[in-house]
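The values are calculated or read from the model by the stated rules, or taken from the named source; none is laboratory data. The structure presented is a predicted model; accordingly, all values stated were derived computationally and were not measured. Every residue, glycine among them, receives a Cβ derived from its backbone with ideal geometry; neighbour counts consider all protein chains shown. To get the accessible areas, we keep the full protein, side chains included, count just its heavy atoms, and leave off ligands, DNA and RNA. Shrake-Rupley method; radii C 1.70, N 1.55, O 1.52, S 1.80 Å.
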Amino acid sequence: EGPPFGRHHGLHDRDRDQAIELFQRADECEERGAQAEAETLFAQCAALFEELEGELSPDAANALNRLAALQEARADYQTALTHTLRAAAIMRAVGDQLTNEDATLIRLTTGRMHGHLCERLARYAEALESYTRATGLAPQNTDALLNRAHLLSLMQQDVEALAGFERVLAIDQIGRAH
């Protein structure tokens, strides 16, 4: 979430500023409840970043994740899944070239969003795979761990689910102690 990723690839500042402005306008629309307008702007933003940075734009992946979240909110799970899969493909293709916090956050968001959408569509094995990948990226992220534990519970894998919930509690208690 937050501002675009921020890679420059020698882009003209004016073009990049336009893409960032689209992202910010979409964010503002979402905040004030203008979801349809926000969806349109995030889609335009993703397309512009891909035009400026190429098909493997982490900024486009970020915008696609935000677009998917809006689509999920209005129960358009299949369309949201399409955008999340595109974001995941971008981040896989970018691979180890990007290892900073922003890239990790985009990968984590993509994995959690993909898992959540697959769970909504009752594609549990695929959801579990996505949640597992997300927890591998951020082993202390309680949201990702909780998503995975909840899904395991739905899948009646109670022993694994309980272990996951206990891990979340342990991490939460450590966090509160500091």
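Couple of notes before you dig in:
- Single residue of region 161-175 satisfying the filter (closer than 17 Å to Thr132 by Cβ and among the hydrophobic types (A, V, I, L, M, F, W, C)) that is modelled with the lowest pLDDT: Ile171
- Of residues in region 1-16 being among the charged types (D, E, K, R) and within 22 Å of Asn100 (Cβ to Cβ), the one modelled with the highest pLDDT: Arg16
- His150 part of a helix (DSSP H, G or I), buried (at least 22 other Cβ atoms within 10 Å of the Cβ) and out of contact with any Asp or Glu (no Cβ under 8 Å at 6 or more places or on another chain): no
- Within region 80-96, the presence of at least one residue that is modelled with pLDDT under 95, open to solvent by 60 Å² or more (accessible area, probe 1.4 Å) and more than 20 Å from Arg66 (Cβ to Cβ) is confirmed.
- Annotation: of all residues in region 113-124 being touching a helix residue (DSSP H, G or I) at 6+ places or on another chain (Cβ under 6 Å) and assigned to a helix (DSSP H, G or I), the one that is surrounded by the fewest Cβ atoms within 10 Å (Cβ to Cβ) is Arg120.
- Exactly one residue among Thr135, Thr104, Thr99, Thr110 is outside any helix (DSSP H, G or I) and either modelled with pLDDT under 90 or within 16 Å of the chain's Cα centre (by Cα) (or both), and that residue is Thr99.
- In region 46-78, the qualifying residues are those that are in contact with an Asp or Glu (Cβ under 9 Å, 6 or more places away or on another chain) and more than 22 Å from Leu117 (Cα to Cα), and the one that is surrounded by the most Cβ atoms within 10 Å (Cβ to Cβ) is Phe49.
- Test: residue in region 99-106 that is open to solvent by 40 Å² or more (accessible area, probe 1.4 Å), under 21 Å from Asp17 (Cβ atoms) and not basic (Lys, Arg): yes
- Inter-residue pairs, beta-carbon under 7 Å, first within 14 Å of Pro139 (Cβ to Cβ) and open to solvent by 100 Å² or more (accessible area, probe 1.4 Å) and in region 167-178, second at pLDDT 85 or above and of a type outside the set (D, E, K, R), 6+ apart: Arg167/Leu145
- Per-region count, region 125-138, residues closer than 22 Å to Arg176 by Cα and open to solvent by 60 Å² or more (accessible area, probe 1.4 Å): 0
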